[in-house]
Amino acid sequence: MQILQDKKIVLGISGGIAAYKTPELVRRLKEHGADIRVVMTDGAKAFITPLTLQAVSGNHVSDSLLDSQAELAMGHIELAKWADLIIIAPATADIIARITSGMANDLLSTLCLATSAPIAIAPAMNQQMWHAKATQANISTLKHWGLHIWGPGAGEQACGDIGLGRMLDVNELVTLSSDFFADKYLKGQHWVITAGPTREAIDPVRYISNHSSGKMGYAIAHAALRSGAQVTLISGPVNIPAPTGCELVQVTSAEQMHEQALNYAPQATTFVACAAVADYRVADIADEKIKKDNKHMQISLIKNHDIVADVAKLADKPFVVGFAAETQNVEHYARGKLMRKNLDLIAANDVAKAGQGFNSDDNALTIYSAIDKIEIPLANKHIVAKQLVSLINQHYQAKNTEK
Ligand code: C5P
């Protein structure tokens with residue numbers, strides 16, 4: 001079943017340039033099964049026509065509180081009751097201010113007062129307007145009331161400014177909408193996840209690293225978040241954005257990752273070590289760039305701390321899950337690490353197989369506990385992550401009931 005199947009979403013569009021993205025948003029939400037009713041402010045109609053939104057949503061677009069014809073079709077109170085979720089995208093500083101002050105001077109603000117449905121706001125405005133004290137005060141009031149604030153994103157703005165205030169991408173809004181309806185079975189849990197590679201400096205310009213893209217760890221963070229967990233993502237340098245809503249702790253070296261992991265793990269319910277941590281670091285990092293004067297050169301390396309093993313040694317240790325990227329004897333090595341590092345579970349992948357593991361969008365995992373072996377077949381890392389998160393939770397619950 002599609003995640004938004006039969007979900008009734010009112011999309012409120014206010015008057016910002018990002019309104020031009022809303023037909024695509026409607027199309028994408030519908031593709032995921034949602035039924036969409038669009039409500040537009042007068043300002044929105046200066047950027048995009050109701051006819052366009054009617055064509056993509058397949059429903060009448062409401063734009064006036066005083067339109068008797070529209071009220072006959074579905075009155076504003078009915079619309080307020082119909083919605084499972086109201087998304088306001090783009091939400092201008094003006095509509096945010098009107099909602100915060102409880103005004104009901106057009107259809108969209110009235111709907112927000114008249115509904116008991118959850119409301120999500122996707123702000124879109126000039127960065128100065130976003131940072132203005134009035135807007136910030138309004139946003140913190142709305143957060144305090146339990147409204148969901150989706151964004152804004154940062155980047156170049158229509159006015160030429162650069163900064164916070166862009167409406168989130170359509171993709172992100174669709175993901176947040178799906179996440180909103182997802183089963184929050186991890187509510188109350190705090191997951192700390194390490195991801196990506198580490199970089200071990202040789203000199204100010206060179207380092208030792210590996211091919212980890214961070215995709216698997218980020219997918220696990222996303223899957224845990226959408227299932228309701230609080231997530232801290234301790235990440236080495238990667239080129240992908242962190243999932244919205246997680247606490248991102250950026251590190252470079254294994255030593256920094258070790259320090260942050262031991263800082264966060266004691267508060268965690270679950271620790272997932274997905275990072276490809278460099279096993280060794282350079283003994284003496286050169287202060288200046290090393291010159292290529294010698295025919296041979298040697299770099300002396302020292303072993304790094306084993307982060308996951310140290311977390312598993314904590315007196316009040318969380319549920320600890322490790323990864324094993326192997327090219328041969330996968331089961332043998334994975335089980336060895338499970339025992340030696342005192343892990344609760346280990347997820348093994350065969351990185352020698354083409355099309356999975358490092359840098360790929362797909363992966364296949366075999367998960368070992370002391371007694372079990374479970375296969376997650378080759379699929380997109382997001383699909384694999386969803387199954388892995390659910391499996392980790394089952395083992396976590398089973399361990400807690402044993403206690
Ligand atoms: O021993 P190996 O590096 O193969 O173990 C892999 C697992 O151990 C992964 O979960 C990885 O994140 C973790 N690890 C770690 N700290 C290290 C080395 C590996 O947490 N220094």
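Every number here is computed from the coordinates shown, using simple stated rules; none is lab data. Remember, it's a predicted structure, so these values are computed and weren't measured experimentally. Heads up, the Cβs are rebuilt from the backbone with ideal geometry, glycines too, and the neighbour counts pull from every protein chain shown.
Here's how it looks for Ile208: its modeled amide H is under 5 Å from those of Glu200, Ala201, Ile202, which are all 5 or more places away or on a different chain. Each Cα pair under 8 Å and six or more residues apart adds its sequence gap; the mean of these over the residue count of region 190-402 is a relative contact order of 19 percent.
Hey, what D do you get for region 310-373 in µm²/s if you plug the Kirkwood alpha-carbon radius into Stokes-Einstein at 37 °C and 0.692 mPa s? For the chosen part, D equals 267 µm²/s.
Our analysis of region 138-202 gives Rg over Rh at 1.10, with the two radii drawn from alpha carbon positions and Rh computed by the Kirkwood formula.
Seen from every direction in turn and averaged, the convex hull around the alpha carbons of region 8-181 projects onto 8.9 nm². Over the residues of the chain, the helix contribution to mean residue ellipticity at 222 nm works out to -10000 deg cm²/dmol, using -39500 (n - 2.57) for each DSSP H run of at least 4. Within the listed set Ile87, Ile371, Ile162, the Gaussian network model of the chain (springs between alpha-carbon atoms below 10 Å) gives the highest mean-square fluctuation for Ile371. Under a 5 Å amide H cut-off, with hydrogens placed 1.01 Å from N, Ile234 pairs with Ile193, Thr194, Ala195, Val249 among residues at least 5 apart or on other chains. How much of the pair distance distribution for region 190-402 lies past 32 Å, counting alpha-carbon pairs only, in percent? Cα-Cα pairs of region 190-402 separated by over 32 Å account for 16 percent.
Under 14 Å of direct C-alpha separation, and excluding same-chain neighbours fewer than eight residues apart, Lys317 reaches these aspartates and glutamates: Asp344. Normalising the average separation of contacting C-alpha pairs (under 8 angstrom, six or more residues apart) by the number of residues puts the relative contact order of the chain at 10 percent. One Cα centroid belongs to region 324-403, the other to region 82-101; the line between them spans 43 Å. Global dimensions of region 66-116 from alpha-carbon coordinates: Rg and Dmax equal 11.2, 31 Å. Sorting 327-340, 232-245 by their mean Cβ neighbour count within 10 Å, with the most densely packed peptide first, gives 232-245, 327-340.
Applied to region 25-32, the Karplus parametrisation 6.51 cos²θ - 1.76 cosθ + 1.60 on θ = phi - 60° returns per-residue 3J(HN,Hα) values of 4, 4, 4, 5, 5, 5, 4, 8 Hz, with x for Gly and Pro.
Counted over the chain, the DSSP beta bridges are approximately 30% antiparallel. Could you work out the Kirkwood radius for region 165-232, taking every pair of different alpha carbons, averaging 1/r and inverting it, reported in Å? Kirkwood hydrodynamic radius for region 165-232: 14.3 Å. Per residue, the Cα convex hull of region 1-48 amounts to 53 Å³. Working ranking of peptides 139-147, 195-203, 286-294 by packing, defined as the average number of other Cβ atoms within 10 Å per residue, highest first, is 195-203, 139-147, 286-294.
Computed from backbone phi with θ = phi - 60° and the Karplus coefficients 6.51, -1.76 and 1.60, the 3J(HN,Hα) list for region 391-399 is 5, 4, 4, 4, 5, 4, 5, 4, 5 Hz; x is used for glycine and proline. When both bridge partners sit in region 8-181, DSSP labels roughly 20% of those beta bridges antiparallel. Which percent, nearest 5, of DSSP beta bridges in region 266-403 are antiparallel? Around 55 percent of the beta bridges assigned by DSSP in region 266-403 are antiparallel ones.
Provide Rg over Rh for the chain; use the alpha carbon set for both Rg and the Kirkwood Rh (inverse mean inverse pair distance). For the chain, the value is 1.05.
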